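Colleague: Take this structure, written in structure tokens, and hold onto it; I'll ask about it next.
Values quoted throughout were computed directly from the atomic coordinates according to the rules given, and no laboratory measurement underlies them. As the structure is a computational prediction, the values presented were derived from the model and not from experiment. Cβ placement follows ideal geometry from the backbone for every residue including glycine, while neighbour counts extend to all protein chains displayed.
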Amino acid sequence: MQPSASNTAVKIVLPNILGYERIAMACSAYFAQLNGLPPDRIEDLKTIVAEATTNAMEHGNGGRAEARVSIWFESTPEAIRVTVKDEGNGFQNTFPDPDIERIMDDRETPVGFGLFLIRNLADHFAYRQLPEGGHRIEMRIAMQP
Amino acid sequence: MQPSASNTAVKIVLPNILGYERIAMACSAYFAQLNGLPPDRIEDLKTIVAEATTNAMEHGNGGRAEARVSIWFESTPEAIRVTVKDEGNGFQNTFPDPDIERIMDDRETPVGFGLFLIRNLADHFAYRQLPEGGHRIEMRIAMQP
Amino acid sequence: MAMQQHTNEIHLEAQGAVTILDIRGDITAFSESALGDAYRKASEQGAGKLLLKIEKEAYINSGGIAVLIQILAQTRRKDQRVAITGISEHFKKIFNMVGITKFADVFESTELAVQALT
Amino acid sequence: MAMQQHTNEIHLEAQGAVTILDIRGDITAFSESALGDAYRKASEQGAGKLLLKIEKEAYINSGGIAVLIQILAQTRRKDQRVAITGISEHFKKIFNMVGITKFADVFESTELAVQALT
Ligand SMILES: Nc1ncnc2c1ncn2[C@@H]1O[C@H](COP(=O)(O)OP(=O)(O)O)[C@@H](O)[C@H]1O
Ligand SMILES: Nc1ncnc2c1ncn2[C@@H]1O[C@H](COP(=O)(O)OP(=O)(O)O)[C@@H](O)[C@H]1O
């Protein structure tokens with residue numbers, strides 16, 4: 001079952017072009033506003049949507065021009081839920097939080113901030129490999145803080 | 001062939017909820033900006049997208065909650081193209097431009113401004129009934145005035 | 001961006017002989033009752049000169065245009081003068097296309113509108 | 001909304017002992033060369049105190065955060081002082097989460113930042 005089963009879900013399909021995450025951000029902002037998410041949480045939502053979308057383009061789809069990123073927005077009384085699907089094979093590793101002190105000392109490269117932001121701004125997130133192929137990440141921003 | 005065949009097309013599927021045209025407007029604005037449409041033409045684009053989308057919800061889908069509106073955004077060197085598809089039977093009549101003088105005199109009801117705006121702001125538009133069911137309107141805003 | 005609300009907040013304000021309808025929010029078919037109510041109230045108070053002040057960011061659609069025209073039709077019957085301010089260049093163009101500007105002048109600011117109406 | 005551009009316009013400006021990097025546009029991985037160039041230029045001119053002025057509407061993503069941290073790492077090696085201004089409440093929160101604020105204070109305005117650095 002696709003996440004779009006609900007009567008109020010919005011779906012968007014993006015080409016694999018960096019920068020187009022801005023379209024997903026705008027969609028998410030209006031969708032969330034229409035469904036009553038407070039402004040500061042809308043900012044959180046935009047950021048995690050941007051990060052999950054660019055990850056899907058770069059890591060999931062490996063930058064392939066013909067690949068697509070599909071995004072579903074759903075609203076429940078508890079949360080705004082966003083699902084970002086790519087055509088890749090998912091995570092090959094776990095990724096610890098970046099350590100800015102170590103990065104400043106040149107002992108660590110400055111990567112991993114995308115997942116860091118998702119981990120810290122989303123109230124819930126989970127990813128999984130899909131049996132039909134592709135990978136998706138589901139994230140939620142709660143209506144109540 | 002769906003209009004989304006191009007590698008840079010964006011597709012969005014909306015539930016049949018008045019107000020959700022705002023999501024389509026935001027999508028269209030960012031899509032157009034990413035593809036270099038000038039700001040004043042982006043405003044034209046947003047307006048025709050809003051009108052075609054609400055028409056699809058109200059007239060095409062007849063307000064049915066389970067119906068969907070699908071919208072494709074495409075960019076060519078000449079124009080931004082938007083296609084709005086509903087699940088209805090299309091136009092049953094032709095509609096002349098509303099005549100504001102007659103409306104002011106109560107000799108005509110104030111309807112028909114949606115198509116009027118599309119007719120006057122789009123550089124091209126065409127609608128057709130689809131063999132597989134549903135109806136779609138295709139509209140273009142030229143890159144050059 | 002007062003997007004979620006399907007209604008408007010409208011404040012009536014007198015500036016000399018001009019009654020300003022300060023309209024917050026989008027102008028759509030959903031604006032009909034709020035705008036109609038505010039207009040009736042102003043008219044009952046004897047307003048002969050009206051200024052519709054619309055937010056620059058307001059989303060105005062064809063349904064909202066129909067609502068505005070219905071208000072304008074009433075003002076004509078009542079011999080009231082009407083002006084509009086606040087709208088963006090885009091909606092100035094559209095109000096012109098539709099013919100609204102034949103019945104209500106559009107001004108750059110509240111001050112200029114009040115001046116012209118007075 | 002300078003969205004289409006994948007690069008930044010950066011103006012260097014001296015205010016007393018402080019060199020302001022006035023950064024227009026989004027802060028993403030694409031900002032690396034423009035920001036690196038501006039930083040190098042400022043450093044070559046002997047700047048010891050830097051203020052990164054970011055647009056309030058700027059879109060800052062994880063790639064941009066990495067670019068900023070790399071600049072901060074260089075300033076630490078060169079013993080320069082750095083402050084940041086212009087960002088929204090949302091990005092203040094994020095800069096705090098990430099730890100950027102351990103190495104650069106964030107100020108409400110250019111004036112307050114220049115004062116604090118001086
Ligand atoms: N959609 C995805 N599919 C596969 N791997 C992913 C996906 N998203 C993230 N990753 C993996 O997680 C790592 C960390 O991602 P992120 O925190 O965004 O940092 P960065 O993009 O800087 O590497 C990526 O390098 C990649 O290996
Ligand atoms: N997608 C559509 N499917 C079927 N009929 C449509 C569609 N869009 C518009 N129409 C018809 O065109 C008429 C004029 O539409 P419009 O100009 O938007 O004005 P209004 O919505 O005020 O009627 C509608 O009343 C309807 O009969």
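Colleague: Counting helices only, and only those DSSP H runs with n ≥ 4, report the 222 nm mean residue ellipticity of chain A as the sum of -39,500 (n - 2.57) divided by its residues, in deg cm²/dmol to the nearest 500.
Modeller: Details: 4 runs with 45 residues, N = 145.
It lands at -9500 deg cm²/dmol.
Colleague: Per residue of the stretch A:124-130, in order, report the coupling 6.51 cos²θ - 1.76 cosθ + 1.60 (Karplus, θ = phi - 60°) as ³J(HN,Hα) in whole Hz, putting x for Gly and Pro.
Modeller: Result, rounded to whole Hz: 7, 8, 7, 10, 7, 6, 9.
Colleague: While we're on this one: Name the longest site-free stretch of chain D, where the excluded sites are trypsin sites (Lys or Arg not before Pro) in a DSSP loop with no more than 14 other beta-carbon atoms within 10 Å.
Modeller: D:1-55
Colleague: Could you list D:LEU112, B:LEU37, C:LEU117 in order of exposure, starting from the residue whose Cβ has the fewest other Cβ atoms within 10 Å?
Modeller: D:LEU112, C:LEU117, B:LEU37
Colleague: Also, quick follow-up: Run the count for the stretch C:9-117, please: Lys pairs, Cα-Cα under 17 angstrom, 8 or more apart or on different chains.
Modeller: 12
Colleague: So which lysines pass the test for A:LYS85, namely a Cα distance under 24 Å, with those fewer than 8 places away in the same chain ruled out?
Modeller: Partners found: A:LYS11, A:LYS46, B:LYS11, B:LYS85.
Colleague: On to the next question. Once amide H atoms are built 1.01 Å from N in the peptide plane, which residues 5 or more positions from C:ILE60, or in another chain, come under 5 Å H to H?
Modeller: C:ILE27
Colleague: Amide H neighbours of A:ASN35 under 5 Å, at least 5 residues apart or on other chains, H built in the peptide plane: list them.
Modeller: Close amide H contacts, sequence-distant or interchain: none at all.
Colleague: First check a/c for the stretch A:8-142, with a ≥ b ≥ c the square roots of the eigenvalues of its C-alpha gyration tensor; if it is under 1.5, answer rounded, and if not, answer prolate when a/b is larger than b/c or oblate otherwise.
Modeller: Here the stretch A:8-142 falls in the oblate category.
Colleague: Is chain D rounded, prolate or oblate when judged by the Cα gyration tensor, a ≥ b ≥ c being the square roots of its eigenvalues, rounded requiring a/c under 1.5 and prolate requiring a/b larger than b/c?
Modeller: Taking the square roots of the gyration eigenvalues as a ≥ b ≥ c, chain D is rounded.
Colleague: Further, regarding this structure: Determine the calculated [θ] at 222 nm for chain C from helices alone, applying -39500 (n - 2.57) to every DSSP H run no shorter than 4 residues and normalising by the residue count; nearest 500 deg cm²/dmol.
Modeller: -12500 deg cm²/dmol
Colleague: Tell me which residues come under 5 Å, amide H to amide H, from C:ILE20 once H is placed; ignore anything under 5 positions away on its chain.
Modeller: Answer set, sorted by chain and number: C:GLU13, C:ALA14, C:GLN15, C:LEU51.
Colleague: Let me ask something else about it. Over all alpha-carbon pairs of the stretch A:12-76, lay out the pair-distance distribution in 10 Å bins, whole %, shortest bin first.
Modeller: Calculated over all Cα pairs of the stretch A:12-76, the distribution is 23, 51, 22, 4 percent.
Colleague: Here is a follow-up. Need one word for the protein assembly as shown: rounded, prolate or oblate. Basis is the Cα gyration tensor (sqrt eigenvalues a ≥ b ≥ c); a/c below 1.5 gives rounded, then a/b vs b/c decides. Please report the intermediate quantities before stating the final value.
Modeller: On the way: a/c = 2.24, a/b = 1.43, b/c = 1.57.
Verdict is oblate for the protein assembly as shown.
Colleague: Within chain D, which DSSP H helices have Cα atoms that stretch 20 Å or more along the helix axis and a mean Kyte-Doolittle hydropathy of at least -0.5?
Modeller: TM-like helix candidates: D:62-77.
Colleague: Could you work out the mean count of beta carbons from other protein chains within 10 Å of each residue's beta carbon in D:56-65?
Modeller: Mean partner shielding for this stretch: 5.
Colleague: What are the ³J(HN,Hα) values, in whole Hz, obtained from phi via the Karplus relation 6.51 cos²θ - 1.76 cosθ + 1.60 with θ = phi - 60°, for each residue of the stretch A:85-91 in sequence order, with x given for Gly and Pro?
Modeller: 10, 10, 9, x, 9, x, 6
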